[in-house]
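Presented below is the structure to which this report refers.
What follows draws every value from the coordinates through simple rules; no lab data is involved. In this text, all values refer to a predicted model and were calculated from it rather than measured experimentally. Because the Cβ atoms are built from the backbone with ideal geometry, glycine has one as well, and the counts that use them run over all protein chains shown.
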Amino acid sequence: MPCQRIVEGIYLVGGDTLTYAGDCLCYLVAGPPLVLVDAGASLEIGRLSDNILEAGFNPRDIAHLFLTHGHVDHIGGVAALKELSGCRVAAHTDDAAAIRTGDPGRTAANWYGIELPPVTVEDELQGVSGDVAGIRWIHIPGHTPGSIAAYVDHPAGRVLFAQDVHGPFSQQFRSDKDQWRASMGKLLALEPEILCEGHYGVFNGNAAAKQFIRAQLAAHA
Ligand SMILES: [Zn+2]
Ligand SMILES: [Zn+2]
């Protein structure tokens, strides 16, 4: 399945049915600089590269890779992407150690039967919010301690890459549901126009975006 344009300059380029089984949804922000949000589960990135090319960009030009959190279905492709592009990796400090070492429990790699190679994290995000390459991020702990959401204010409205809004929660990942509820409140307060989720797709319009977040809150009350 080919890539999908969400709005001008923002594309869905990876995912379970787009690239490899088990991949999270991966989003490309044209910038410049060229930024990828999450890298999928697969250690291979051939199909992801093909989709980026199809969107009109060279995957070798990816300058920054944002990791929304340290789960294998979002970080499997990191090593191959770094080898291809030399991109800098950004992740929150509270998930960075698990990402660097490929910790089988905290990354859930043991659920997938994948052995993650060690990788480097060049931009270790500290605190509750910040900016990398013109993309804003906020800390949304809960699903994992170092979960972040990234967002860009596009002419079409605020595009929010919140990824695993839906959970799940596990002691193995050091999940914290109370923190997660507070984090969902932060996402609602951002008033997204478009919500790019990690597995459930793209929600267009502020009402649809907030409805999805509120439905998750209700499901995990
Ligand atoms: Zn996850
Ligand atoms: Zn996921």
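Highest GNM mean-square fluctuation among G167, G40, G56, for the chain modelled with Cα contacts below 10 Å: G56.
Straight-line reach from K210: taking Cα to Cα under 29 Å and skipping same-chain neighbours fewer than 8 places apart, the lysines in range are K177, K186.
Please name which of A90, A30, A80 has its Cα lying farthest along the dipole of the range 24-91 towards the positive end, using unit charges on Cβ (Lys, Arg +1; Asp, Glu -1) and the Cα centre as origin. Result: A90.
For the range 45-172, just say rounded, prolate or oblate: build the C-alpha gyration tensor, square-root its eigenvalues into a ≥ b ≥ c, call rounded for a/c under 1.5, and beyond that prolate if a/b exceeds b/c, oblate if not.
The shape class here is oblate.
Under the shape rule built on the C-alpha gyration tensor, where the axes satisfy a ≥ b ≥ c, the chain is rounded, since a/c falls short of 1.5.
For the chain, hydrophobic long helices are taken as DSSP H runs at least 30 Å long by C-alpha position along their axis with mean Kyte-Doolittle hydropathy of 1.0 or more; none is present. Specify whether the C-alpha gyration tensor of the range 122-219 places it in the rounded, prolate or oblate class, a ≥ b ≥ c being the square roots of the eigenvalues: rounded for a/c under 1.5, otherwise prolate if a/b is larger than b/c and oblate if not. Oblate is the answer for the range 122-219, as a/c is 1.5 or above yet b/c matches or exceeds a/b.
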